[in-house]
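Below: the structure, in structure tokens.
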Amino acid sequence: MSAPAKFTRALVRLPDDNFADGLTASCLGPPNVAQARAQHANYVWALEACGLTVTRLEPDSRHPDGTFVEDTALVTTRGVLLTRPGAESRRGEVAAIAHALEECFPAAETETIHAPGTLDAGDVGEADGHFFIGISARTNVAGAQQLALWLAARGFTSTTVDIRALPGLLHLKSGFAHLGGRQLAAVGALAAHPALHGWDVLLVPPGEDYAANCVRVNDVVLVPAGFPQTSALLRAAGLRVVELDVSEFRKMDGGLSCLSLRW
Ligand code: CIR
């Protein structure tokens, strides 16, 4: 399996004291903020161990979901697209991320999703220049169309994956990950989707759906701890697995990919 393009940078935002006030539909109880911070620190160390330079933004009490930075921008090798998150309470997160990205990407070359489009970048999965775009409760058809046009103008290809009828998936990447080359990981509900035909799909075992939100970072796949069958499958596929405990982020419907922007 060929390795994806090498990441050198990441952007994260530390969880705020009011992290538990964010949006969630999970029934796992309130997160422990101190534990979330410790898990976040481990996550950042893991990114650094993969060779990334990580920019840490301070917590922002106006945005309890602000630690899930992935949803606010799509960073590609050919530019940045700022999103318009589907949840109104999250729209104010974008400005600070746009500002932070200006250090690496000229503002003049950065575009944005416009109303009536909505897009959470947790719904966007890149696989070596091809992008899977989830249509979800957060990303609407108008947002997906704007993104597809933006990608096409940059020579990328894309396909949409409607996940609105699939239970348990907040975002496409809640159930899907690119592992490198033609290989994807996907939950059972997504594996047979026509958009995935022709790809080598590693099926995440039933009962371990949460582990589909894993992240290939250079030579490593970051995988949530506590899903041994998925870790074993990934190792059997020849991948180097690093398990990270993200239990407190799971309680807020988030996971490994949501916690950083990577480029
Ligand atoms: C939300 O509901 O928007 C946050 N509590 C969780 C966002 C997780 N982001 C992601 O999966 N990309």
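The values are calculated or read from the model by the stated rules, or taken from the named source; none is laboratory data. These numbers come from a predicted model, not from an experiment. Neighbour counts run over all protein chains shown; Cβ positions are idealised from the backbone, glycine included. With ligands, DNA and RNA removed, areas are computed over all heavy atoms of the protein, side chains included. Shrake-Rupley method; radii C 1.70, N 1.55, O 1.52, S 1.80 Å.
Observations, loosely collected:
- Scan of segment 114-139 for residues that are within 15 Å of the ligand (Cβ to nearest atom) and either of a type in the set (A, V, I, L, M) or more than 17 Å from the chain's Cα centre (by Cα) (or both), ordered by number: L119, A121, V124, I133, I135, A137
- Restricting attention to segment 101-149, the residues being of a type in the set (S, T, N, Q) and within 19 Å of R9 (Cα to Cα) number 1.
- The single residue among V75, V94 that is part of a helix (DSSP H, G or I), open to solvent by 10 Å² or more (accessible area, probe 1.4 Å) and within 16 Å of the ligand (Cβ to nearest atom) turns out to be V94.
- Single condition S247 does not satisfy, out of (1) over 17 Å from T67 (Cα atoms); (2) open to solvent by 10 Å² or more (accessible area, probe 1.4 Å); (3) polar (S, T, N, Q): (1)
- Among residues of segment 104-123 that are assigned to a loop (DSSP other than H, G, I, E, B), those with a beta-carbon under 8 Å from a residue that is more than 16 Å from the ligand (Cβ to nearest atom) and of a type in the set (A, V, I, L, M) at least six positions away or on a different chain give the pairs F105/V80; T110/V80; T110/A98; T110/L101; P116/A142; G117/A142; T118/A142.
- Residue within segment 157-169 that is open to solvent by less than 30 Å² (accessible area, probe 1.4 Å) and either within 16 Å of E126 (Cα to Cα) or away from the ligand (no atom under 16 Å from the Cβ) (or both) present: yes
- Test: residue in segment 172-186 that is over 30 Å from D219 (Cβ atoms) and either surrounded by fewer than 19 Cβ atoms within 10 Å (Cβ to Cβ) or in contact (Cβ under 8 Å) with a residue 24 or more places away in the chain (or both): no
- Failed item, numbered, when H99 is tested on (1) more than 18 Å from the chain's Cα centre (by Cα); (2) in contact (Cβ under 8 Å) with a residue 40 or more places away in the chain; (3) over 23 Å from S174 (Cβ atoms): (2)
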